[in-house]
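Have a look at the structure below, then the notes.
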Amino acid sequence: MDFYLTALLQGLCFSAIALGIYISMKIFNIPDITTDGSYTLGGVVTAVLLTNHQPTYVILPAVILAGGTAGAVTGIIHTKLKINALLAGILVMTALYSVNLTILGRSNLPLINLPSLFTIVNVVSDPNKNTFWILSIFVIVITLMIGYLLKTDFGIAMRATGNSESMIRALGVNTDRMKITGLALANALTALSGYLVAQFQGFADISMGIGIVIVGLGSVIIAETLINWFKLTSVWLSLVLVLAGAVIFQLVLAFTLSVGVDPKLLKIVTAGFVLVIVSLPRLSLLRSS
Amino acid sequence: MITITDVHKIFNKGKANQVNAVNGVTLEIQSGEFLVIVGSNGSGKTTMLNLIAGSVSPDNGTISIDGNDVTNMPDYRRSQWIARVFQNPLSGTAPDLSILDNFRLASIRTKRKGLSVGVNDAFKKQVQEKVAVLGMGLQDKIEQPMGTLSGGQRQALTLLMSVMDSCKVLLLDEPTAALDPRSADVVMRTADTLIRDFNLTAVFITHNLKDAFNYGTRIIQMGEGLIINDLSGAGKASLKQSDLFDWFA
């Protein structure tokens, strides 16, 4: 059972990344893979500041700023230099590896016996349950903020930018600036996942972000499948399903390991699982037509 | 209202596929004028409209709107005067957003899109009243995504959206080209009513000579990037439909 609890906690840690990918991929329609780099950046900044005994109210804004900057750079390369978004993301992700290594100073930094987000407040005595409550509150607050943002005039303009660019330009929105802001927001969220995971697992590692984009993509795709299935249009329900997607994704991986699949094969199982989720709706469509 | 002075626009300059879209056009559009532009494919009509809207910037010459030099101003800033209806019904609205959200954006076209929630019950009621005027029964569907509507409905709504915020210039780029005759008629009538009621300066591109004959206070024909015919006032009024056909003979 602990096994699944850990998976649930991990899912909650990854919900910020899922929200980030939801914003870049679904709202802005931009395939952004700066993710691998900005996630690690979030973890690395957290680890270095924690070991320098900085308080949470310094670390949290620093992580958001770092992730946001990474996303903004991708956005500027994409919009101002007219480089394909995928390539822009790859360039920034590659460059971030060096940035991360420089910040961290070595390839791995343990955070044993340092106070973390999960130890500063004790809601309940059991550490796992305590982590669960803190993570839940954290994720709920982020979701409420993003949900509110998407309902505002600015948020509607954001959604329209990815949906009908000609229209929103005619309605007075600088789409370049909007995309840069959107990618900054998406990567700030991604960095928040790095912040949570580094504290949750008790170390930051230069390679912690390799292939992490699939976690976000998988979560969003699970959510999208459900959204299309139930024909949902509500922003709030969509966000909740994205969170659910992040948790389901981790539970499936935990299940895979618990039935005795070789951990070496975990990545191929992950890829296969995402493939199944993506292709299921298409397969059922084929049959009915 | 709109002054275009010796404007040139060449696409793919120096390449094999060079297109001289606009070759030194000078045009003065008066306030309240409803200008119809006709011309064969490739005559430079749409480029002219894009030059006014700011989606394309000229190689030479100047453009001013309401006394302001806008030659180098991007389209999203010219939106403070200009509303547009595109040839493709999909371009003028956001399909995944609700009708209500589309109208909200249109209602703040000239304003800042800030961090407050603007869609409230009062706004909802206002949109319902505006949409009801069309007589399409859309007032009960304003929470639906725009994408669920037909092309004709979307074009009609795009027109209504253009006057949700202060608007001086309305650009219509073959708004009925993708529509069936009945929807096309509704859209054109709506446009004509709005242009009169709000005293808009309008530029209307069409291939439909019947519409060109029926609507507008001035008509110009473009050919090879130049204005080759220009009739306004009495000249436009006394123009016969057969004369228009002769222009294209």
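Bear in mind these aren't lab numbers, they're just calculated from the coordinates by the rules spelled out. Keep in mind the model is a prediction, meaning the values are calculated, not measured. Here the Cβ is made from the backbone with ideal geometry for all residues, glycine too, and neighbour counts use every protein chain on show.
The peptide list A:160-173, A:227-240, put in order of mean Cβ contacts within 10 Å with the highest first, becomes A:160-173, A:227-240.
So for chain B, averaging the separation of alpha carbon pairs under 8 Å that are six or more residues apart and normalising by length, what relative contact order in percent results? Let's see the in-between values first.
Values: 463 pairs, mean separation 69.8, N = 249.
Relative CO of chain B lands at 28 percent.
With both labels modelled 7 Å from their Cα along Cα-to-Cβ, the B:LEU239 to B:ASN41 distance reads 2.3 nm. Per-residue shielding of A:230-238, expressed as the average number of other chain Cβ atoms within 10 Å of the residue Cβ, stands at 1.
Note that the range A:243-259 has calculated 3J(HN,Hα) couplings of 4, 4, x, 4, 6, 4, 4, 5, 5, 4, 5, 4, 4, 4, 5, 6, 7 Hz, one per residue in order, obtained from phi through the Karplus relation 6.51 cos²θ - 1.76 cosθ + 1.60 (θ = phi - 60°); glycine and proline are x.
Give me the Å³ per residue figure for the convex hull around the C-alpha atoms of the protein assembly as shown.
Details: hull volume 104.0 nm³, N = 538.
Here the figure is 193 Å³ per residue.
Using the Stokes-Einstein relation with a Kirkwood hydrodynamic radius computed over Cα pairs, the translational diffusion coefficient of the range B:199-246 at 4 °C and a viscosity of 1.567 mPa s comes to 114 µm²/s. The value obtained for the range A:146-195, namely the Cα convex hull volume divided by the number of residues, is 66 Å³ per residue. Considering all C-alpha pairs of chain A, those separated by over 34 Å amount to 18%. Taking label points 7 Å from Cα along the Cα-to-Cβ direction, A:LEU275 and B:THR26 give a separation of 6.7 nm. Across the range B:133-181, the fraction of Cα-Cα pairs farther apart than 13 Å, rounded to a whole number, is 64%. Pairwise Cα distances in the range A:48-172 exceed 17 Å for 74 percent of all pairs.
Return the percentage of antiparallel bridges among DSSP beta bridges fully within the range B:2-247, rounded to the nearest 5 %.
On the way: 22 of 40 bridges.
Of those bridges, close to 55 percent are antiparallel.
Between the C-alpha center of the range B:29-80 and that of the range A:1-76 there is a gap of 45 Å. Kirkwood radius for the range A:1-118, taken over all pairs of different Cα atoms as the inverse mean of 1/r, rounds to 15.5 Å. A simple count of charges around B:VAL163, restricted to other residues whose Cβ falls under 11 Å of its Cβ and scoring Lys, Arg +1 and Asp, Glu -1, yields +1.
Among A:LYS80, B:LYS111, rank each residue by its count of other Cβ atoms within 10 Å, from fewest to most, as a rough exposure measure.
Numbers: A:LYS80 10, B:LYS111 13.
Result, fewest neighbours first: A:LYS80, B:LYS111.
Pairs from the list B:LYS45/B:LYS111; A:LYS129/A:LYS264; A:LYS26/B:LYS111; A:LYS26/A:LYS80 with a Cα-Cα gap above 28 Å: B:LYS45/B:LYS111; A:LYS129/A:LYS264.
Fewest-first ordering of B:ASP185, B:ASP101, B:ASP75 by other beta carbons within 10 Å of each residue's beta carbon gives B:ASP185, B:ASP75, B:ASP101. Exposure proxy ranking for B:ASP96, B:ASP69, based on other Cβ atoms within 10 angstrom of each Cβ and starting from the fewest, stands as B:ASP69, B:ASP96.
Expressed as a fraction of 2.2 N^0.38 Å, the C-alpha radius of gyration for the range B:57-102 is 1.51. Shape call for the range B:106-160 from the C-alpha gyration tensor, a ≥ b ≥ c root eigenvalues: rounded (a/c under 1.5), prolate (a/b greater than b/c) or oblate? Because a/c hits 1.5 or more and a/b exceeds b/c, the range B:106-160 counts as prolate.
Report relative contact order for the range B:1-100 in percent, whole number only (criteria: Cα-Cα under 8 Å, sequence separation at least 6). Over the range B:1-100, the number comes to 28 percent. Straight-line reach from A:LYS267: taking Cα to Cα under 20 Å and skipping same-chain neighbours fewer than 8 places apart, the aspartates and glutamates in range are A:ASP36, A:ASP205.
Here the relative contact order of chain A, from alpha carbon pairs under 8 Å that lie six or more residues apart, stands at 37 percent. At the listed q of 0.27 Å⁻¹, the Debye profile of the range A:3-62, built from one uniform point per Cα, gives log10 I(q)/I(0) equal to -1.05.
Can you give the calculated 222 nm mean residue ellipticity of chain A, where each DSSP H run of n ≥ 4 adds -39,500 (n - 2.57) and the sum is split over every residue, rounded to the nearest 500 deg cm²/dmol? Walk me through the numbers on the way to the answer.
On the way: 13 runs with 218 residues, N = 289.
Value at 222 nm, helices only: -25000 deg cm²/dmol.
Run the helix sum for chain B: -39,500 (n - 2.57) per DSSP H stretch of 4+ residues, divided by residue count, reported at 222 nm to the nearest 500 deg cm²/dmol.
So the calculated ellipticity at 222 nm is -9000 deg cm²/dmol.
At q = 0.10, 0.12 Å⁻¹ the log10 of I(q)/I(0) for the range B:68-223 amounts to -0.36, -0.51, computed by Debye summation with a single uniform scatterer per C-alpha, solvent ignored.
Rounded to the nearest 0.05, what FRET efficiency do B:ARG189 and A:TRP133 have when you use their Cβ-Cβ distance and R0 = 45 Å?
Values: r = 61 Å, r/R0 = 1.37.
Efficiency at R0 = 45 Å is approximately 0.15.
When peptides A:27-37, A:202-212 are sorted by average Cβ neighbour count within 10 Å, with the highest value leading, the order is A:27-37, A:202-212.
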